[in-house]
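Structure first, then comments.
The values are calculated or read from the model by the stated rules, or taken from the named source; none is laboratory data. Note that the coordinates shown come from a computational prediction; the quantities given were computed from them, not determined experimentally. Cβ: placed from backbone, ideal geometry, glycine included. Neighbour counts: every protein chain shown. Heads up: the accessible areas ignore ligands, DNA and RNA and are worked out on the full protein's heavy atoms, side chains in. Shrake-Rupley method; radii C 1.70, N 1.55, O 1.52, S 1.80 Å.
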Amino acid sequence: MNQLPDKTALLAFLADNPQVSAKRDIARAFGIHGAAARAELKRLLRELEDEGALARKGRRLHAAGALPPVGIVEVTGPDADGDLYGRPAEGPGEARILIVARRSDTALGPGDRVLARLTPVQGEGHAWEARPIKRIDAAAPRVLGIFREGKAGGRILPIEKGSDREWKVAAGETAGAKDGELVETEAVGPRGLGLPQARITARLGDPSAPRAVSLIAIRQHGIPDRFPEAVLAEAAAAREPGVEGREDLRQVPFVTIDPVDARDRDDAVHAEPDTDPKNAGGHIVWVAIADVAHVVRPGSALDAEARLRGNSSYFPDRVVPMLPDGLSGDLCSLHAGADRACLAVRMVIDRDGHKTGHRFARVLIRSAASLHYAQVQDALDGAPDAVAAPLIDRVIRPLAAAHAAMARARDLRQPLDLDLPERQIVLSEDGKVVSVAFKERLLTHRLIEDCMVLANVCAAEELIARRTPLLFRVHEEPSPEKLDALREVAQASGLTLAKGQVLKTAHLNRLLAQAEGTDQDELINITTLRSLPQAYYHPQNFGHFGLALRNYAHFTSPIRRYADLVVHRALIAAHGWGRDGLSAGDIERLEDTAKLISDAERRSMAAERDTTDRYLAAYLADRVGMTFTGRVSGVQKFGLFVKLDGTGADGLVPIREVGREFFHYDRDAQTLIGSESGLLIVVGARVTVRLAEAVPVTGGLLLELLEIADKGLPGPRLKRGKGKGPAPGRAAKLARKIVRRRR
């Protein structure tokens, strides 16, 4: 052929064939041969570039405003339907790209960058599709820190535990931040020598402000805390359904029993004696759960945001909800006297608490009262208040009787019986820590827990029987290595954990019972907890070891857990109750959803833990120099972790603060042994320490060891000077570095 195309033909060809992008490919397509013809083609292509009609990336050419056949895409996130979108990392930044990933591809999130094959399409709302080849890198690192102003920009002092690397901010990247402000930044520029570079993306105000404590954790762990306008609009438009298509249970005196400060009430209970003569002494227990699925439909903006958040996150000063407050605190909350749509399960149990049958229904209820745990406990103890008194005979005592039967069945099943009190941080109106205590554990707490566990079992069994996909709550047994470590700690404490048999929770309970009431009680409980893997969600049923249950799924908290919403939809689909059940899209991405919400749960746990650490450090900051008692909660080569009595706060004793001798570290036994004195330091040992430093902004506590096992340390301690321990001000930096190595 060897006839040169004109510019119009070249542009049309490149637009129709984006995969043909190199000069030699173009020459081959037009049959151009010979040095002179190739030189003329090169001249035409260069002119098109100069005119702005063509763009070049390396040796590849493509129409200006179009994308190359292979390029880097930055993920922007899912849309309301859950489809993942991105934009070009380079080139025309307004192009909207649908990312078509295979099930085997690595999960992607906002900010991730992926090398992908790009294809122009006539899509609805997008003009390009990207099929990932490989992930280039994860989202640019984001750092929370304190901005320190300099001559040309400034520096960021990170506040995260385990990070002591500063970041440099150029003069034009400060976003107007003032010296000492808490800021959020993202990494910029290539990695090289010297301090890494960052730009400030958000100014968060005074880091010492009380409400900054939880805000730091929220931003640090990437918890979404602002609802998009589309989500808020859908929530505002939601309406409560009527009784049509539902079983009317408004005459049944359901009650909610929650913490005294609860805002969302998503579960209500009722119990009564079973009048069936074949079940003498048995009970009927109803558990009704807010019908969130009626409002949060598959494919909606509400659904996409709830799935992204995975769960609500709870902090001492605020809640970051999974659903907007108009739903979680009102329309979907089972307030007393209000008609509310629910999914309910009617459970029949015998006199010993064994379930003999159950039935699910889509219902309408009207809660008789919103009670709290202590209020119901007082009523059972003979001191009901004005609200509880009318409910004693027809509501509260029947619930207690049914629970007594369920407790017998639970004791026979022997779920893991850990004794780990929940810490409670009490704040003043201005957000300062007033007190730190442990929540009182009441019989009424166990009553509601046992009702919810049984309802969750029913949900799993119902969906298994109906062959409907769902998300199970999975908790696997400890690994052999973790079990051996627990056994060694038990033996060192004079206790036994049998070997050579299939592990059951009953075996661990026997160990916990041996330690109960002894000095090793807390140690064995903590070590047992650490031996267990974390629970997670999965479409396959691997059982729940901790609860000693074969079939278990979360059903009882759809306001605050997305997994429960999935189970609700599965129940709706299985019973044919409406078009708001589990969709084909839900089923297709069930495994992805399980991983997403399991990761979100861990994210929330980490943020809540970090917030607690910071509040405790703030509470103890005025007590620097004071003496405390506690127990060794961890032993590492670099020092001891000590859990303080009273507050339960964890602090670090660096190894150089223990004494002047060298300590041998036994990783397997988790001990330190003094080379000269033979002093043995083990997890669980009683200690007396002095608080050397408390840093609220990081949550770090640095301690000095004074006594161990009620004995002074052997030999003179190292003095300040040559070979000294960390000086004030450097202590927090050392603590951050050591905690990073521990985690």
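Annotation: peptides 408-419, 561-572, 239-250, ranked by per-residue average of other Cβ atoms within 10 Å with the highest first, follow the order 561-572, 408-419, 239-250. When only the Cβ of Lys, Arg, Asp and Glu is charged (+1, +1, -1, -1), the dipole of the stretch 315-472 relative to its Cα centre reaches about 740 debye. The reciprocal of the average 1/r between distinct C-alpha atoms defines the Kirkwood hydrodynamic radius, which for the stretch 473-562 equals 14.4 Å.
Ordering TRP577, TRP128 by accessible area with a probe of 1.4 Å, largest first, what comes out?
Details: TRP577 70, TRP128 30 Å².
In descending accessible area the options line up as TRP577, TRP128.
In this Cβ point-charge picture (+1 for Lys and Arg, -1 for Asp and Glu), the chain has a dipole of about 3060 debye about its Cα centre.
Ignoring ligands, DNA and RNA, what percent of the 1.4 Å accessible area of the stretch 576-704 is carbon and sulfur?
Numbers: 2630 of 5290 Å².
On the stretch 576-704, the fraction of accessible area on carbon and sulfur atoms equals 50 percent.
Positive contributions from Lys and Arg (+1) and negative ones from Asp and Glu (-1), summed over other residues with Cβ under 14 Å from the Cβ of PRO324, come out at -4.
Projecting the Cα positions of MET406, PHE662, ASN541 onto the charge dipole of the chain (unit charges on Cβ atoms of Lys, Arg, Asp and Glu, taken about the Cα centre) puts PHE662 furthest along the positive direction. Protection proxy ranking, highest mean first, for peptides 457-470, 510-523, 608-621: 608-621, 457-470, 510-523, where packing is the per-residue count of other beta-carbon atoms within 10 Å, averaged. Distance between the pseudo-spin-label points of VAL624 and ARG359 (7 Å out from Cα toward the beta carbon): 6.7 nm. Computed with a 1.4 Å probe over protein heavy atoms only, the accessible surface of the stretch 501-562 comes to 42 Å² per residue.
Between the entries [x] 157; [y] 228; [z] 272, the label attached to volume of the Cα convex hull per residue in Å³ calculated for this structure is [y].
Selection among LEU672, THR698, SER583 by position relative to the dipole of the stretch 558-707 gives SER583 as farthest towards the positive end (Cβ unit charges, Cα centre). Placing +1 on each Lys and Arg Cβ and -1 on each Asp and Glu Cβ, with no other charges, gives the stretch 190-275 a dipole about its Cα centre of roughly 1060 debye.
Solvent-accessible surface of the stretch 614-710, averaged per residue with a 1.4 angstrom probe and all protein chains in place: 39 square angstrom.
So, counting K/R as plus one and D/E as minus one, what does the shell of residues with Cβ under 11 Å around HIS403 add up to? Provide the component values of the computation, followed by the final result.
Working: positive: ARG397, ARG408, ARG410, ARG446; negative: GLU449, ASP450.
With Lys, Arg at +1 and Asp, Glu at -1, the net is +2.
For the stretch 207-317, the solvent-accessible area with a 1.4 angstrom probe is 42 square angstrom per residue. With the charge dipole of the chain set up from +1 on Lys and Arg Cβ and -1 on Asp and Glu Cβ about the Cα centre, the Cα lying farthest toward the positive end among the listed residues ILE284, PRO228, ALA127 is that of ALA127.
In a shell of Cβ-Cβ distance under 13 Å around ARG38, excluding ARG38 itself, what net charge do Lys and Arg (+1) and Asp and Glu (-1) give? Write out the running numbers ahead of the final one.
Working: positive: LYS23, ARG24, ARG28, LYS42, ARG43, ARG46; negative: ASP25, GLU40.
So the surrounding residues net to +4.
For Cα pairs less than 8 Å apart in space and 6+ apart in sequence, what is the mean separation divided by the residue count of the stretch 199-314, i.e. the relative contact order in percent? Let's see the in-between values first.
Details: 68 pairs, mean separation 24.2, N = 116.
Computed over the stretch 199-314, the figure is 21 percent.
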